Structures are given as C-alpha cells and as structure tokens.
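Let me begin by presenting the structure, written as structure tokens, before commenting on it.
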Amino acid sequence: MNNNEISQKPYKEENFAPKIVGFLCNWCSYAGADKAGTAQKPYPPHVNIIRVMCSGRVDPEFVLQAFSEGADGVIILACHPGDCHYKEGNYRARQRHQITVNLLEALGIEKERLRFDYVSAGEGEKFTRVVEEAVETIKNLGPLNHG
Amino acid sequence: MKTGVYFCNCSGNISGQVNSETIKDNLQSRHSGAYFKTCELLCSEEGINFLEEDLKENAPDRVLVMACSPRDHENTFMNALKRAGINPYYLQMVNIREHVAWVTPDGDTATQKTIRCLEGALQRVLLHEPLEMKQVEASLETLVIGAGPAGLSAALKLAEAGRKVTLVEKTPFIGGMPVRYEEIFPHLECGPCMLEGMMDRILHNDFPGSIELLTMAEVTEVVGSYGNFTARIKQYPRFVEEKNCLGCDLCVEACPVTTPNEFNLGMGEKKAISPPLPGALPYVPYLDPKACLRWKEEECSLCQETCLVEGAINFEQTETTVERNAGAIILATGFSLYPTEKLGQLGYEKVNSVYHSLEFERIAAENGPTEGQIITREGSFPQKVAIVHCAGSLEEEHAAYCSGVCCAYALKFNLMINKKLPETEIVHFFKELTLPGAEDYELYKRVKDNPLTSFIRYHSSSDLFISEKEGRPALQYVDQQGATGNIELDMVILCPPMVPGKDTVRLANLLEVTRGSNGFLEALHGKMEATQSNVKGIFIAGACQSPKDIKAATTDGASAAGNILSALVEGRKLDISPVAAEINRDICSGCKVCLSICPFKAVSFDEENKTSQVNELLCQGCGTCAAACPSGAARGKHFTDRQITAEIKGVLRNE
C-alpha cells in the first residue's frame with residue numbers, strides 16, 4: 001500500500017492499511033455499494049469488492065482463502081432476510097458464516113475479522129457505515145499474522 | 001493469452017480521480033499479454049463503435065472493461081463483444097466508477113485501489129470460459145387452476161391474447177367465492193352479477209383464443225418444467241352432459257331425494273340432481289352419487305325420464321383423466337376460512353345462531369337457504385346482532401396476521417342488515433379496524449353515526465365468551481380497557497381470517513411451490529415478483545397467496561397472465577442463461593445436499609446413475625449448491641471456485 005493513502009486519512013494505526021475482501025451479492029449489497037458510489041461520499045479504500053450473484057455462493061473456503069492470501073479482514077454482505085433474490089441464499093450465507101466463525105476461532109483468527117451484514121440496494125449509507133466500521137475494527141486488531 | 005483492457009474516462013468521472021497512465025504502466029509491467037486503451041465515454045454510441053472495431057482489429061482472447069458498475073452496462077459491452085465475434089462471457093467489468101473514483105478520497109489512493117481491482121479482474125478473466133445461451137421451444141398454452149376471480153381474470157386475459165387455456169375448477173361451477181355473496185363491498189353491488197360478464201365470456205368462448213373449462217376436476221400430477229409442463233387432470237362425473245343440457249331444471253323437480261347443500265354450507269337442502277346454487281354457471285345440474293337412489297341400488301330414473309334432451313343425463317359417465325400441456329401454470333385456488341370451531345370460547349357449533357361469515361353470506365343471499373331473509377336458527381328476525389371481527393386473527397395460536405378484508409365485509413354485513421332490518425341493533429367487536437385504500441373507509445363512515453350501531457374493542461378472543469341462554473347467544477366480554485360486559489343477542493357473526501385451503505396445500509406440495517410462514521403460497525418477491533412463485537413458470541394469483549379482496553385477486557390474475565404473455569411469445573424460444581450450476585457426475589457422491597438447498601427445485605436426482613442433475617431451465621444461477629457441495633461436483637458456471645479464488649488472489653496481490 002502506498003504512503004499517500006495512509007497520509008490522507010489519519011487512522012489510529014498510522015502505518016497500517018488493512019486489506020479487506022468484500023463478498024457482495026449482486027442484487028442487494030453490490031447495488032447498495034453502487035448506491036454509495038452514486039452518493040459520492042468518500043469511505044476508506046481498503047475493501048476490495050468481489051461480486052457474487054448470491055451471498056449463498058460464498059463458500060467458507062473463499063473466506064479462508066482470502067485470509068491465507070493476505071487479507072486482514074473479510075466482509076460478506078447479503079440481502080436482508082426475506083429479500084433474497086434467490087429466496088433463501090442469504091439464510092445459507094448466514095448459516096455458513098456461523099460455521100466459518102467457528103473455523104476461524106479454531107485457527108486462531110479473531111472472529112471480528114469476518115463480518116456478516118445485510119445491505120439492501122437502497123442502503124448506500126449503510127454500506128458506507130459497514131465499510132467504515134469494518135476498517136476500524138481491523139485497524140484496531142492490527143494486521144493478521146500470516147506467519 | 002491476449003487481454004484487451006479498455007479504460008473508460010466516463011467523461012472525467014473516472015479519469016478525474018484515477019490516473020490511467022499509472023494503471024497502464026502498472027499493467028504493462030506485469031502482464032505482457034495485455035494491451036491498454038482509453039476511451040472518453042465507452043457506453044456512448046461513439047464509444048461502443050470504437051470498442052467493437054478495436055475488438056475486431058485486435059481480436060483479444062479476453063476483455064476487461066474498466067468503467068461503471070456491471071449492473072449498468074455489462075449487457076451493453078457483452079453485446080459489443082458478441083458483434084465483434086468474441087464470446088460475450090469473455091468479458092469482465094471492473095467497477096472503478098461507483099466503487100473507486102466516486103468514493104475514494106484522493107487520486108493516488110483511487111489509482112492504487114484501481115490497480116488492485118484490475119489485478120483481481122485480470123486473474124479472473126483469464127479463467128473465463130466461453131458460454132452459450134441455450135434455447136428451447138415452449139408451449140404457449142396455460143393451465144389455470146381455480147375458476148374464482150383470479151383464475152377467471154387470468155384465463156380471460158390470456159384467451160383475449162389468442163392463447164389456449166385449460167381452466168380447471170374443482171366445484172361444479174365457476175366464479176369462486178364471490179358468486180355466493182349477495183353483495184360486494186364497498187359499493188354493495190351484486191356479487192354474481194358483477195362476475196357474470198366475465199363468466200359469460202368464458203362459457204361462450206368469446207375471444208380469439210380458447211378456454212377449455214373442466215369443472216369438478218383436479219390436477220393430480222405435473223411433470224416437466226417451465227415452458228413444457230404436462231399435467232394430468234382428473235375429472236369427476238357430473239352425470240349430466242354439459243353440451244346437451246338446456247338448464248330447464250325439470251330433472252331437479254322430478255328428483256325425489258333431498259340432501260344438505262354443501263354450497264350453502266349444509267344450511268338448506270338441494271335435490272340429488274341439482275344445480276349447486278340457483279344461478280350458478282355453467283347452469284347445468286350435477287348429480288350427487290352420495291345422495292342419488294341409483295347409487296343405493298334402488299331403481300330410479302325419474303330425472304332421465306323427465307329430461308327433454310336424450311342423452312343429456314348420462315348415468316354411465318365415469319371419472320376420466322386427461323393430459324394437457326402448458327408452458328406455464330397459474331395457481332388461483334383461493335382460500336378457506338380459519339376453522340371457527342377451534343375458537344372454542346366463541347361458541348361456534350355449540351351455541352344457537354352463531355354463524356361464521358361465509359354462512360352469513362349465504363343467509364343474506366337471495367339464492368341462499370333462507371332466500372335472503374336474515375333470520376335466526378329459529379326463524380325469527382334478530383333484534384340484536386354481534387359481529388366479531390378478528391375472530392382468531394392477530395393471535396399467535398390461531399392466525400398471527402390480519403386477514404385484511406374482514407373489517408370491510410363486516411361493515412358490509414352491517415349495511416345489509418340495516419337495509420333489511422332497520423330496527424336491529426348491531427355491536428361490532430374488533431381488535432383493529434383495518435380499512436385501507438381509497439374506498440373502504442367509506443363503509444365505516446356510513447355506519448358509525450347510526451345510533452343502533454356500536455363498536456367495542458377487545459384484545460384477544462379469550463376475552464370473549466359466548467354461551468347459550470334460553471336458546472339465544474349471550475356474550476360476556478372484557479374490553480381493551482379492562483371493562484366487562486354481558487350482552488344478550490339473537491345472532492352472532494364471527495369473522496375468522498382467510499387461510500389457504502387444503503387444495504392449495506396439496507397443490508403446493510405437488511408442484512413444490514413454497515408456502516410462507518402463514519401457510520399461504522409464497523411469492524418469489526413480495527413486491528417485485530408478487531405473482532411469480534419460487535418455481536419458474538408457476539404463478540400464484542389471488543387469495544391462495546395472501547388474504548385478498550376481489551379487486552386484488554382479479555389484478556393478480558391479470559398480472560400473472562401478463563407475465564406469461566411477456567415470457568412465452570409466439571415464435572420466440574426460451575433463453576436459458578448459461579450462468580447456471582452444473583454437476584460433474586464423475587465426482588458427485590449422491591449425497592443430495594444440493595437437492596435440499598436449491599430454492600428453485602432445479603436439482604433432481606438421477607436414480608439410475610445415483611447422481612444429482614441440474615435443470616438449466618429452472619436454475620437461476622445463485623450458486624448456493626456450488627458453495628454447499630462437499631465433493632466439489634456442483635459448479636457455478638461463470639462464478640466457479642477457480643474464478644473467484646483467482647479474483648481473491650488478484651485483489652490481495654502484493655505490489
């Protein structure tokens with residue numbers, strides 16, 4: 001990460017720019033992130049978004065993969081309960097998130113590094129808030145020790 | 001591999017924040033097989049022409065478009081690839097407008113974030129596969145189940161557009177519940193009259209298409225899927241040939257047997273051969289074998305002997321099964337009432353002259369058991385009537401929802417009683433008064449100032465207790481403020497909530513259509529896809545999916561018909577998106593996890609090979625099976641494990 005980026009935003013951990021992967025479902029959360037874009041309100045640049053059609057597509061292995069490839073945090077964003085474009089993929093995602101959290105703890109990775117939340121297509125502001133909070137949380141935790 | 005990277009300036013929206021030169025340098029230092037081009041506005045006519053021509057000239061193996069959200073222009077650019085002779089699924093978009101340029105505080109940071117996004121997309125696109133849209137022929141015919149307002153409306157709209165419809169109705173007549181109502185809220189029009197125009201057109205096939213009406217019939221089996229369903233329909237014998245019958249009723253007069261009339265809910269009687277209700281359409285009597293002497297091994301053919309048309313009454317008719325094809329199915333199976341006897345405190349079936357709302361509709365109907373006279377079980381005009389709204393609604397142990405229409409019809413009952421018995425006192429017991437919309441509140445305004453009408457708000461059905469006192473109902477209550485009271489009455493009308501009927505449940509199971517927490521058929525999306533079920537090609541209309549009034553039911557029917565007319569079009573095949581799941585049979589272990597989690601019933605099990613298989617027509621491409629498959633046999637095309645993993649690695653790659 002380059003120094004310009006860090007100097008622009010005075011975060012608590014001045015020298016730490018976390019790497020966060022965000023899995024966003026196409027219909028609600030990705031659209032919510034687009035909405036946040038339309039609002040043109042800056043948010044921290046540390047989350048790279050990977051689009052999946054449904055949060056139910058997010059295999060726990062993707063999360064582990066992200067951590068093993070150097071991510072300090074992962075967020076999974078889904079449609080709100082009852083709003084899933086695919087009816088119930090978000091419930092699957094929620095269940096898998098629980099399992100993944102257990103896995104992470106077994107691996108000694110703080111569960112706070114994985115965040116699951118619901119963001120609808122209209123919730124640009126919520127998306128921004130989730131990103132800000134996730135970045136804040138990961139900054140407080142510091143870099144994941146990749147050994 | 002040659003990758004074409006096209007950077008859209010978006011007229012400064014992107015280039016004002018992201019430095020394309022830095023991106024270009026970075027790309028070329030890492031990927032020798034990639035070339036980089038910029039364009040001022042790639043989605044403009046000029047931009048698309050540039051892209052198309054440049055793709056033709058350079059003939060890249062893969063294409064990245066760094067621009068806006070794929071939700072905006074992915075199709076635009078996929079079409080450009082297609083025109084340039086490149087498989088459109090070789091495209092990957094990099095959303096650097098909404099997700100970078102517009103939301104990143106400064107240029108350098110934005111440029112660095114863009115590099116990470118680009119690297120992810122680049123790693124991913126290298127693994128893209130050429131996918132093809134498939135097409136299948138589809139039947140333009142529709143199967144409509146249920147001939148109430150929703151089903152009639154749907155059938156008529158489809159037939160008006162020239163479509164062939166098979167309309168299946170389980171009772172001997174069409175029109176559903178409203179033809180049993182004397183008057184309809186909010187304007188107190190005659191129910192059968194309101195529907196008559198629609199019913200006449202259906203019976204006379206008065207449109208370019210055709211409607212085959214099968215009464216006394218039920219769908220027993222459905223195979224196939226969207227575009228090509230085949231349904232088996234069992235039709236019970238009416239013993240009267242519809243095409244021959246004149247509707248003169250001579251057979252009815254001749255019949256020596258009377259039996260309780262189920263369409264008057266057991267109140268009043270009918271003959272063993274009889275129209276279900278006076279005026280029911282088609283106006284053809286039906287013979288009830290449970291009542292007819294011939295089925296009791298007695299000699300009787302009085303009806304046949306009296307009949308003016310030879311062969312109109314046919315004792316030899318038997319149950320038949322027919323098969324019909326359909327591209328789509330509409331479930332319009334209506335509602336039942338919550339079983340009132342479960343509300344023990346309210347005295348139904350225990351206390352004299354306690355009726356539920358459908359019974360009262362029949363009592364108030366001119367063609368009902370009392371010929372429209374509002375009278376108690378003893379035959380006297382009631383001086384004092386209680387109407388209990390929300391009887392079982394809004395209560396967890398009964399029906400945890402508001403049935404929506406009861407307040408309006410309860411107030412309709414009030415006006416109907418006022419008209420026939422202007423001296424009768426009416427007390428409404430209600431939990432909530434629900435009269436939304438442009439017109440229904442008018443009903444309340446019309447009754448509230450009548451000194452003979454009063455309203456008492458109660459909290460729970462357990463706060464009401466109806467017992468019998470000297471042959472009449474007496475109602476003890478605790479109101480919402482805790483005050484108690486005791487009223488002696490002549491008649492009680494209970495308004496229980498609508499619930500899905502047992503045929504709705506049976507068909508939901510048969511067709512694998514999901515039901516929501518309250519048991520009604522569930523819409524794919526309650527707001528945006530309100531008449532589409534979870535199964536593609538199966539639509540749900542009317543009160544089988546939620547308590548609804550007639551207006552909502554006919555609107556649903558028209559909506560379902562509209563969806564079908566737009567989806568199944570003459571001369572157009574059905575597109576099957578290749579972004580679907582597939583199962584690698586060589587590694588499928590046959591555990592069936594995918595079957596249990598697919599929300600669209602798109603996965604079935606091949607018993608012969610003991611492996612799962614995906615119906616691409618039904619698959620919506622969510623990929624939840626791919627995430628769940630323990631052996632890695634289920635694969636989400638265009639969102640494969642390898643592609644997503646490559647993107648993860650790409651975005652995390654260290655500079």
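The values are calculated or read from the model by the stated rules, or taken from the named source; none is laboratory data. If you're wondering where the values come from, they're calculated on a predicted model, not measured in any experiment. Neighbour counts are summed over all protein chains in view; Cβ atoms, including those assigned to glycine, are modelled from backbone coordinates with ideal geometry.
Is it true that some residue in the stretch A:70-83 is assigned to a loop (DSSP other than H, G, I, E, B), in contact with a strand residue (DSSP E or B) (Cβ under 9 Å, 6 or more places away or on another chain), closer than 20 Å to B:Thr640 by Cα and without any contact (Cβ under 8 Å) to a residue 40 or more places away in the chain? I'd like the intermediate steps shown before the answer.
Going through the stretch A:70-83, the residues assigned to a loop (DSSP other than H, G, I, E, B) turn out to be A:70-72, A:79-83.
Then keep just the ones that are in contact with a strand residue (DSSP E or B) (Cβ under 9 Å, 6 or more places away or on another chain); that gives A:71-72, A:79-81, A:83.
Right, trim to closer than 20 Å to B:Thr640 by Cα and you get none.
Within the stretch A:70-83 (the criterion being assigned to a loop (DSSP other than H, G, I, E, B), in contact with a strand residue (DSSP E or B) (Cβ under 9 Å, 6 or more places away or on another chain), closer than 20 Å to B:Thr640 by Cα and without any contact (Cβ under 8 Å) to a residue 40 or more places away in the chain), the answer is no, since none of the residues qualifies.
Provide a single number: the residues in the stretch A:41-66 that are more than 8 Å from every other protein chain (Cβ to nearest Cβ), surrounded by 24 or more Cβ atoms within 10 Å (Cβ to Cβ) and either of a type in the set (D, E, K, R) or within 21 Å of B:Pro630 (Cβ to Cβ) (or both).
Total satisfying the criteria: 2.
For the stretch B:67-80, which residues satisfy the criterion of being away from chain A (no Cβ under 14 Å) and buried (at least 22 other Cβ atoms within 10 Å of the Cβ)?
If we filter the stretch B:67-80 for residues that are away from chain A (no Cβ under 14 Å), which is where we start, we get B:76-80.
Listed by number, the residues that qualify are B:Phe77, B:Ala80.
So A:Asp83 clears everything in (1) farther than 20 Å from A:Pro18 by Cα; (2) of a type outside the set (S, T, N, Q); (3) more than 10 Å from chain B (Cβ to nearest Cβ); (4) surrounded by fewer than 24 Cβ atoms within 10 Å (Cβ to Cβ) except one condition, right? Which one?
(3)
For the stretch B:163-191, which residues satisfy the criterion of being among the hydrophobic types (A, V, I, L, M, F, W, C), outside any loop (DSSP other than H, G, I, E, B) and in contact (Cβ under 8 Å) with a residue 24 or more places away in the chain? Reasoning before the result, please.
Narrowing the stretch B:163-191 to residues among the hydrophobic types (A, V, I, L, M, F, W, C): B:165, B:167-168, B:173-174, B:177, B:179, B:184-185, B:188, B:190.
Filter once more, so that each one left must be outside any loop (DSSP other than H, G, I, E, B): B:165, B:167-168, B:174, B:177, B:179, B:184, B:190.
Result: B:Val165, B:Leu167, B:Val168, B:Ile174, B:Met177, B:Val179, B:Ile184.
Being at the interface with chain B (Cβ under 8 Å from one of its Cβ atoms), among the aliphatic types (A, V, I, L, M) and either surrounded by fewer than 24 Cβ atoms within 10 Å (Cβ to Cβ) or in a loop (DSSP other than H, G, I, E, B) (or both), is that true of even one residue in the stretch A:98-111?
Step one: filter the stretch A:98-111 for residues at the interface with chain B (Cβ under 8 Å from one of its Cβ atoms), giving none.
No, because not a single residue in the stretch A:98-111 is at the interface with chain B (Cβ under 8 Å from one of its Cβ atoms), among the aliphatic types (A, V, I, L, M) and either surrounded by fewer than 24 Cβ atoms within 10 Å (Cβ to Cβ) or in a loop (DSSP other than H, G, I, E, B) (or both).
Go through B:Thr340, B:Thr321, B:Thr333 for me and flag whichever is more than 29 Å from B:Cys245 (Cα to Cα) and modelled with pLDDT of 95 or more. If you could, list the steps in order and put the result at the bottom.
Values: B:Thr321 fails: more than 29 Å from B:Cys245 (Cα to Cα); B:Thr333 fails: more than 29 Å from B:Cys245 (Cα to Cα).
None of the other options fit; the residue is B:Thr340.
What single numbered condition from (1) outside any loop (DSSP other than H, G, I, E, B); (2) crowded, with 22+ Cβ neighbours inside 10 Å; (3) more than 11 Å from chain A (Cβ to nearest Cβ) fails to hold for B:Gln613?
(2)
Go through the residues of the stretch B:106-114 one by one and say whether even a single one is closer than 23 Å to B:Lys2 by Cα and not acidic (Asp, Glu). Please lay out each step first, then the result.
Applying the first criterion (closer than 23 Å to B:Lys2 by Cα) to the stretch B:106-114 yields B:114.
Now narrow it down to the ones that are not acidic (Asp, Glu): B:114.
There is at least one residue in the stretch B:106-114 that is closer than 23 Å to B:Lys2 by Cα and not acidic (Asp, Glu).
Given (1) modelled with pLDDT of 95 or more; (2) more than 7 Å from chain B (Cβ to nearest Cβ); (3) under 24 Å from A:Glu125 (Cα atoms), identify the lone condition not met by A:Ala17.
With respect to (1) modelled with pLDDT of 95 or more; (2) more than 7 Å from chain B (Cβ to nearest Cβ); (3) under 24 Å from A:Glu125 (Cα atoms), A:Ala17 is out only on (1).
From B:Lys350, B:Lys296, grab the single residue that is outside the structural domain of B:Glu196 (by TED's automatic domain parsing) and modelled with pLDDT under 95.
Values: B:Lys350 fails: modelled with pLDDT under 95.
It is B:Lys296.
Which of the numbered conditions does A:Arg129 fail, given that it passes all the others? Conditions: (1) part of a helix (DSSP H, G or I); (2) more than 10 Å from chain B (Cβ to nearest Cβ); (3) basic (Lys, Arg); (4) touching a residue at least 40 places away in the same chain (Cβ under 8 Å).
(4)
Looking for whichever is surrounded by 15 or more Cβ atoms within 10 Å (Cβ to Cβ), at pLDDT below 95 and assigned by TED's automatic domain parsing to the domain that holds B:Gly372 here; the options are B:Asp479, B:Asp440, B:Asp449. Which one fits?
On the way: B:Asp479 fails: at pLDDT below 95; B:Asp449 fails: surrounded by 15 or more Cβ atoms within 10 Å (Cβ to Cβ).
Matching residue, one of B:Asp479, B:Asp440, B:Asp449: B:Asp440.
Out of B:Glu423, B:Glu395, which single residue is in contact (Cβ under 8 Å) with a residue 24 or more places away in the chain, more than 30 Å from B:Ile540 (Cβ to Cβ) and out of contact with any strand residue (DSSP E or B) (no Cβ under 8 Å at 6 or more places or on another chain)? Full working, then the answer.
Values: B:Glu395 fails: more than 30 Å from B:Ile540 (Cβ to Cβ).
Answer to the check: B:Glu423.
Could you count how many residues in the stretch B:81-102 are more than 8 Å from every other protein chain (Cβ to nearest Cβ) and of a type in the set (D, E, K, R)?
Matching residues across the stretch B:81-102 total 2.
Please count how many residues of the stretch B:405-433 are in a loop (DSSP other than H, G, I, E, B) and either buried (at least 20 other Cβ atoms within 10 Å of the Cβ) or of a type in the set (A, V, I, L, M, F, W, C) (or both).
Of the stretch B:405-433, the ones in a loop (DSSP other than H, G, I, E, B) are B:405, B:421-424, B:431-433.
When the remaining residues are screened for being either buried (at least 20 other Cβ atoms within 10 Å of the Cβ) or of a type in the set (A, V, I, L, M, F, W, C) (or both), the result is B:405, B:421, B:431, B:433.
Residues flagged as in a loop (DSSP other than H, G, I, E, B) and either buried (at least 20 other Cβ atoms within 10 Å of the Cβ) or of a type in the set (A, V, I, L, M, F, W, C) (or both) within the stretch B:405-433 amount to 4.
Yes or no: B:Asn584 more than 10 Å from every other protein chain (Cβ to nearest Cβ) and at pLDDT 95 or above?
Answer is yes for this residue.
Being facing chain A (nearest Cβ under 9 Å), at pLDDT 95 or above and outside any helix (DSSP H, G or I) is the filter; apply it to the stretch B:630-655 and report the residue that is surrounded by the fewest Cβ atoms within 10 Å (Cβ to Cβ).
Residue satisfying both the conditions and the ranking: B:His638.
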